[in-house]
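Take a look at the structure below.
The values are calculated or read from the model by the stated rules, or taken from the named source; none is laboratory data. Note that the coordinates shown come from a computational prediction; the quantities given were computed from them, not determined experimentally. A quick note on method: Cβ atoms are made from the backbone with ideal geometry, for glycine too, and the neighbour counts reach across all protein chains shown.
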Amino acid sequence: MISSLAVAEKNLAYSQGKKLNATQTDLAAKVKEFIDDARAAARDGDWTRARSLATKAQVLSEELAGSL
């Protein structure tokens, strides 16, 4: 989970300061939401949900980074 979040955050940071189109902006917002939700699930001790959300964040962030 931690490595997925790290990848997602790195890719999200890479998009910062770039001119994003509407699709990229939407992807970035979803990535941030998945990261936040994964952290909340981890705080609640729901590791299965946290891992799932972190993986979703990573996949979407890789799609975002690939589109830049």
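Summary of computed values
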{"item": "Residues of the range 16-25 that turn out to be buried (at least 16 other Cβ atoms within 10 Å of the Cβ) and in a helix (DSSP H, G or I), as a count", "result": "1"}
{"item": "Evaluation of ARG51 against (1) over 22 Å from SER67 (Cβ atoms); (2) in contact with an Asp or Glu (Cβ under 8 Å, 6 or more places away or on another chain); (3) not aromatic (Phe, Trp, Tyr) (one fails), failing number", "result": "(2)"}
{"item": "Whichever residue in the range 1-38 is under 8 Å from the mean Cα position of the chain (by Cα) and of a type in the set (D, E, K, R) and, among such residues, is farthest from SER61 (Cα to Cα)", "result": "GLU33"}
{"item": "Any hit, the range 26-33, residues being surrounded by 15 or more Cβ atoms within 10 Å (Cβ to Cβ) and farther than 15 Å from SER67 by Cβ", "result": "yes"}
{"item": "ALA54 in contact (Cβ under 8 Å) with a residue 12 or more places away in the chain and aliphatic (A, V, I, L, M)", "result": "yes"}
{"item": "Test for GLY45: is it assigned to a loop (DSSP other than H, G, I, E, B), modelled with pLDDT of 95 or more, exposed (fewer than 12 other Cβ atoms within 10 Å of the Cβ) and out of contact with any helix residue (DSSP H, G or I) (no Cβ under 9 Å at 6 or more places or on another chain)", "result": "yes"}
